[in-house]
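Below is one structure; the comments refer to it alone.
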Amino acid sequence: MIRVLVDTNVVIDSFAQRGEFALAADRLIDYMEEDRMQAYITASTATDIFHLLVRMLGKERGRERFVDIFDTFGVVSVTGENCREALRSGIWDFEDALLIRCAEKIEADAIVTRDEALLTNSYARGLMNPQEFVDRMEAGLFHTTLHEDEDIRYYAGEK
């Protein structure tokens, strides 16, 4: 089964129904419900998701939606060693480096994000925006992996 690490912004797009971005994000949720993929968030993004949902939806509704996240997504732990590895990665943005490290840790097939800086300035096999992911799934063209036994290089700055 396809394993996907989903960035904060994509989770918020779906759970807060954030405008034009919600459609592709909701499709990811559909794939999980259809048992076509397993999706994960990192433990370090859970607090960001909570605060954003409460701010956008109000305290009560935000908390309700936050609980739903744990019924939908697996959670990848973040250890001190993961943080050190992210710092050593050469990627300037620590949050992006940690996200990539966590994807490697779970042997994710993709990282799905709308973070334009990450999509533009970093390279990692399997890194894509939600619509690209949906397009690949619909076309049956999902073949990228982030497995550690492959030759994977990450670059900070230009590709």
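Of the strands (runs of 3 or more DSSP E) lying entirely inside segment 1-93, those containing at least 2 residues that are buried (at least 20 other Cβ atoms within 10 Å of the Cβ) are 2-6, 37-42. Of everything in segment 94-128 that is free of Cβ contacts under 8 Å to residues at least 60 places away in the same chain and part of a loop (DSSP other than H, G, I, E, B), the residue that is nearest to Asp13 (Cα to Cα) is Gly126.
Okay, residues lined up against (1) modelled with pLDDT under 95; (2) under 14 Å from Phe73 (Cα atoms); (3) within 12 Å of the chain's Cα centre (by Cα):
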site	(1), (2), (3)
Arg3	yes, yes, yes
Val6	no, yes, yes
Ser14	yes, yes, no
Gln17	yes, no, no
Met37	yes, yes, no
Thr47	yes, no, no
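The values are calculated or read from the model by the stated rules, or taken from the named source; none is laboratory data. A quick note: this is a predicted structure, and the numbers were derived from the prediction, not measured. Methodologically, a virtual Cβ is constructed for each residue, glycine included, from the backbone with ideal geometry; neighbour enumeration extends over all protein chains shown.
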